[in-house]
Amino acid sequence: MTDAAKSRIYLATIAVLLLVIAAMAYKFIVAGSTEKGDDGRLAIILEPGERALMLREMREFVAGLQLVADALSRDDMPGVAKASRAMGTAKAHDVPVAMMGKLPLEFKTLALGTHREFDIIAADAEANGTPKHALAQLADVLQKCVACHASYQVKSTTGK
């Protein structure tokens, strides 16, 4: 085999490997594991344990929102900060990498933005923010929750 033929084989092998890597990156970073849902929303397909984790986190968000609302009703800005911080970006680090790869990019962007907004609410509340300002911030976060639930559903690989 000539050197030129070997070079072409090497280049072809590199090209194929780069295409495989690009396809995997697209699947892992952008597309995730999804299908068209029965109700028109995009269904994110997760393993049963991953689905349970996501649903538990959503329930924790609802509980956290209740704590923020309770603190706001009492003008308790340190309470607003504490409850908001618990839902901030530190919480996003609890998601396993394999599960993150199954989430579509738009979902990840929305979710991480929501966590960041809770950090902002906490920081503003600690910096002598007003309850009215925090309530407006909370309304913005809830808009993201509504948009997410309107766009996505979570299915298990078992079909549930």
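Where a number appears in this text, it was derived from the coordinates with a stated rule and is not lab data. Keep in mind that what you see is a predicted model, and the values were worked out from it rather than measured. Cβ placement follows ideal geometry from the backbone for every residue including glycine, while neighbour counts extend to all protein chains displayed.
Taking the DSSP bridge list for the chain and keeping only pairs wholly inside it, about 40 percent are antiparallel. Multiplying the residue separation of Ile120 and Cys148 by 0.36 nm and subtracting their alpha-carbon distance yields 8.1 nm. Taking 0.36 nm per residue of separation and subtracting the Cα-Cα distance, full extension of the segment from Thr109 to Ala139 would add 9.0 nm. Based on every Cα atom in the range 34-156, Rg and the maximum pairwise Cα distance Dmax equal 15.2, 46 Å.
Within the chain, the whole DSSP H helices whose Cα atoms reach 20 Å or more along their own axis and whose mean Kyte-Doolittle score is at least 0.5 are 3-25. Averaging the sequence gap over all C-alpha pairs within less than 8 Å and six or more residues apart, then dividing by the number of residues, gives the chain a relative contact order of 33 percent. Counting Lys and Arg as +1 and Asp and Glu as -1 over every other residue whose Cβ lies under 15 Å from the Cβ of Arg85, the net charge comes to -4.
Exposure proxy for Tyr10, Tyr152: other Cβ atoms within 10 Å of each Cβ, ordered fewest to most, give Tyr10, Tyr152.
Once both labels are positioned 7 Å from their Cα atoms along Cα-to-Cβ, the gap between Glu57 and Val16 label points is 3.7 nm.
Remark on Ser156: its backbone amide H falls under 5 Å from those of Leu46, a criterion applied only to residues 5 or more positions apart or on other chains, H modelled at 1.01 Å from N. Cross-link pairs exceeding 26 Å between alpha carbons, from the set Lys108/Lys132; Lys82/Lys108; Lys82/Lys155; Lys82/Lys102; Lys36/Lys91; Lys132/Lys155: Lys108/Lys132; Lys82/Lys155; Lys82/Lys102; Lys36/Lys91; Lys132/Lys155. Helix-only arithmetic for the chain: the sum of -39500 (n - 2.57) across DSSP H runs with n ≥ 4, divided by the residue total, places the mean residue ellipticity at 222 nm at -22500 deg cm²/dmol.
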